[in-house]
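The values are calculated or read from the model by the stated rules, or taken from the named source; none is laboratory data. In this text the structure is predicted, and so the values were computed from the model without any measurement. Because the Cβ atoms are built from the backbone with ideal geometry, glycine has one as well, and the counts that use them run over all protein chains shown.
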Amino acid sequence: MIKSQPLTFPKNFVWGFAAAAPQIEGAAFLDGKGESVWDRFARRPGAVHNNDNLDVACEHYTRFDEDFRLMRSLGAKNYRLSLAWPRIYPDGDGALNQKGLDFYHRLFDSMEKHGLTPWVTMFHWDLPQSLETRFGGWRDRRTADAFAVYADTIVKAFGSRVKNWITLNEILCFTKLGYGVGRKAPGLQLADQVVNQTYHTALLCHGHGVRAVREHGGKGARVGLTDNATVTVPFSETPDDIAAARAQFIHENARVLDPIYTGGYGPAYRKAVGKHAAKFEKKDFDLISLPTDFLGLNIYTGEFVRAGKSGKPEKLPFPASYPTADAAWLKHVPQSLYWGPRHCAEIYGASSIYITENGAGYNDVPPAKGESNDLHRLNLVRSYLCELRRGIQDGVPVKGYFLWSFMDNYEWEDGYDRRFGVVYCDFKTQKRTPKFSARWFTKVMAENRIV
Ligand code: NOJ
């Protein structure tokens, strides 16, 4: 008999699910919640697949207790969620909405009851529309002033029960894709200088998030950013291609990671943006580069890079037949879960890394005979976890993994058909049905190994 070696993870490895307020809560205008830029954007005809909006979503606002019961029954002990800024400050600044804070107190009570540890993202894309209307949103540092107050408020309110804080989720998506490409809210296509300014405002907010946790977080509080670094994967794992992938990684990710880890925009980045650079004050970087406790990485895919002529990094295009999820951007690149964290550890010295998202977006069909067969998702996640484990064995300091997502939800401009959940959500009846991937992931978490 051949005995397989168990594909185990380190003791105390953190396993959990991830989700975000705007994608699951619904109740978009209830109990005093203000409009977010996504509430507005979703109403622009054609902006979102099927013109789906966030009004109802998974009705998590009223169903959270049963959701947490299910989550716990699947064996999760950690859950990454976000707080909705416009629920707490309907206009982004000014008057506080106590009902918003009360809601999250009830939600944390329920998590506690079900034995779930919260990992809380302060901002997951739902900017209060009022800040966009009055200041131009991320274009203006008054948005960072408002965020500073919001961050202080939530850390003071929840600091005794929340010990793991994530400042912002995926800066690229709410800056460049919102103000440059226009694919995400607020759906603008503005000049490069403006886009660079939105990045800078976001970095300031990250700094304020860290500051707020240091000032009000209490004992044991930890904080970090969640970045969606573009992961460069060497075409072959040979020294030349590895060096090329590493150089390309710096080139693609310096805009966010350099300021945070080195306290400024690096020379290569400054040269690349030239006259389109963001306006900033020198002291900004004292805030932006406040030391963090961990780096969160959302990794779904990667790009292949090889050493071209004279070692210059050369990106390789994906051929038409390359395996891809129904989300067209999600190319099946399991090695990204090896190389993403490794580059961050080697280049920036990140010594504690959490995979704050990984998963697969497919247009799953409704469950048949009470079961939801998503072998496609299960297999994708499994292949990625094998690469993650390889990294950990090589010494890459990854401490945890959060699967995106617990249940199907509002996939932004792709609406409700694009499903990332391991639990199927019937959006008409709100019935939840765990998919095969959930059943399998339950065993992974329970046994702390890839099964
Ligand atoms: C990144 C985002 O953080 C999340 O909101 C989104 O749904 C998933 N990736 C899947 O695209």
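General remarks:
- Hits in segment 169-210 (condition: within 16 Å of the ligand (Cβ to nearest atom), touching a residue at least 12 places away in the same chain (Cβ under 8 Å) and either at positive phi or of a type in the set (Val, Ile, Thr) (or both)): Glu170, Ile171, Thr175
- Restricted to segment 211-324, the set of helices (runs of 4 or more DSSP H) holding at least 1 residues that are within 16 Å of the ligand (Cβ to nearest atom) comprises 239-262.
- The selection criterion, being under 26 Å from Gly296 (Cα atoms), more than 16 Å from the ligand (Cβ to nearest atom) and either surrounded by fewer than 24 Cβ atoms within 10 Å (Cβ to Cβ) or acidic (Asp, Glu) (or both), holds for Pro397.
- Qualifying residue in segment 157-167 (condition: of a type in the set (D, E, K, R), at pLDDT 95 or above and in a helix (DSSP H, G or I)): no
- Among (1) away from the ligand (no atom under 16 Å from the Cβ); (2) over 20 Å from the mean Cα position of the chain (by Cα); (3) farther than 30 Å from Gln197 by Cβ; (4) not polar (S, T, N, Q), the one test that Leu96 misses: (3)
- Residue check for Gly115: away from the ligand (no atom under 16 Å from the Cβ) and over 23 Å from Phe41 (Cβ atoms): yes
To keep it simple, each residue is scored yes or no on (1) among the hydrophobic types (A, V, I, L, M, F, W, C); (2) away from the ligand (no atom under 16 Å from the Cβ); (3) assigned to a helix (DSSP H, G or I); (4) out of contact with any Pro (no Cβ under 6 Å at 6 or more places or on another chain).
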position	(1), (2), (3), (4)
Met1	yes, yes, no, yes
Asn12	no, yes, no, yes
Gln23	no, no, yes, yes
Gly26	no, no, no, yes
Asn53	no, no, no, yes
Ala57	yes, no, no, yes
Asp67	no, yes, yes, yes
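- Within segment 87-120, the set of residues being crowded, with 17+ Cβ neighbours inside 10 Å and farther than 18 Å from Val155 by Cβ comprises Pro90, Asp91, His114, Leu116.
- Considering residues of segment 370-394 that are more than 20 Å from Gly302 (Cα to Cα) and small (Gly, Ala, Ser) only, the residue farthest from the ligand (Cβ to nearest atom): Gly370
- Qualifying residues in segment 402-420 (those that are within 10 Å of the ligand (Cβ to nearest atom), assigned to a loop (DSSP other than H, G, I, E, B) and not aromatic (Phe, Trp, Tyr)) - the one farthest from Thr356 (Cα to Cα): Arg418
- Scanning segment 325-369 for residues that are outside any helix (DSSP H, G or I), among the basic types (Lys, Arg) and more than 14 Å from the ligand (Cβ to nearest atom) turns up just one, Lys369.
- Matching option when the condition is crowded, with 20+ Cβ neighbours inside 10 Å and either farther than 20 Å from Arg342 by Cα or in contact with a Leu (Cβ under 7 Å, 6 or more places away or on another chain) (or both), among Gly415, Gly361: Gly361
- Looking only at segment 347-358, and only at residues there that are within 22 Å of Met122 (Cα to Cα) and among the β-branched types (Val, Ile, Thr), the one that is surrounded by the fewest Cβ atoms within 10 Å (Cβ to Cβ): Ile353
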